[in-house]
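The values are calculated or read from the model by the stated rules, or taken from the named source; none is laboratory data. The structure displayed is predicted, hence computed values, not measured ones. Cβ: placed from backbone, ideal geometry, glycine included. Neighbour counts: every protein chain shown.
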Amino acid sequence: MDLVSTTKPKILYVDDEADNLLVFKRTFAKEYETTTKISAVEALRDLETESFDIIVSDQRMPEMTGVVFFQNILARNYKGTRVLLTGYSDMQAIIDAVNKGHIYSYCTKPWSAEELKLVLKMAYEFSQLSHPNHNHLSDDAVSSLVEIQKHNEASLEIIKKIYQSKQSKS
């Protein structure tokens, strides 16, 4: 990390598959303080008393989708940059996640550790920009965030075009 802080960034990861939670925790434990929850309801309870820099959620879960989980987070004014993981090519879910859940980014499952590490690093740096004392970010970090934001906007436009194309063919 290019940040001055010596504390590990805090991540909450929600997934209804216990194996995914275990792999996530093992993969990111050195760089992040990770908390994992097997249900969105449990995660919402934790968010009442604890804050996280990044909140990662699977899309398809039995109690509520990742999008609905993120909508709950927004409705309750919980902080944390949101990242959606989805194993399905459900364009509408991704569009809803951006529009309704205000996600920072999404990754497909199964995720690549290198790709997700980059997304989490950028999500953390982005979360620090919204913090009132964001002067501790390096110029390189700010430049990287600007580039990532441009990439996210371009990706969303491509997703919308693909979705609209599929809708018009139906």
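Just one of the numbered conditions (1) out of contact with any strand residue (DSSP E or B) (no Cβ under 7 Å at 6 or more places or on another chain); (2) of a type in the set (A, V, I, L, M); (3) crowded, with 20+ Cβ neighbours inside 10 Å is not true of ALA18: (3). The strands (runs of 3 or more DSSP E) found wholly in region 46-151 and carrying at least 3 residues that are modelled with pLDDT under 85, under 23 Å from ILE162 (Cβ atoms) and among the hydroxyl-bearing types (Ser, Thr, Tyr) occupy 105-108.
The single residue among ARG45, ARG26 that is surrounded by fewer than 21 Cβ atoms within 10 Å (Cβ to Cβ), under 18 Å from LEU85 (Cα atoms) and free of Cβ contacts under 8 Å to residues at least 24 places away in the same chain turns out to be ARG26. Quick one: would you say THR65 is at negative phi, out of contact with any strand residue (DSSP E or B) (no Cβ under 6 Å at 6 or more places or on another chain), crowded, with 22+ Cβ neighbours inside 10 Å and polar (S, T, N, Q)? It is true that THR65 is at negative phi, out of contact with any strand residue (DSSP E or B) (no Cβ under 6 Å at 6 or more places or on another chain), crowded, with 22+ Cβ neighbours inside 10 Å and polar (S, T, N, Q).
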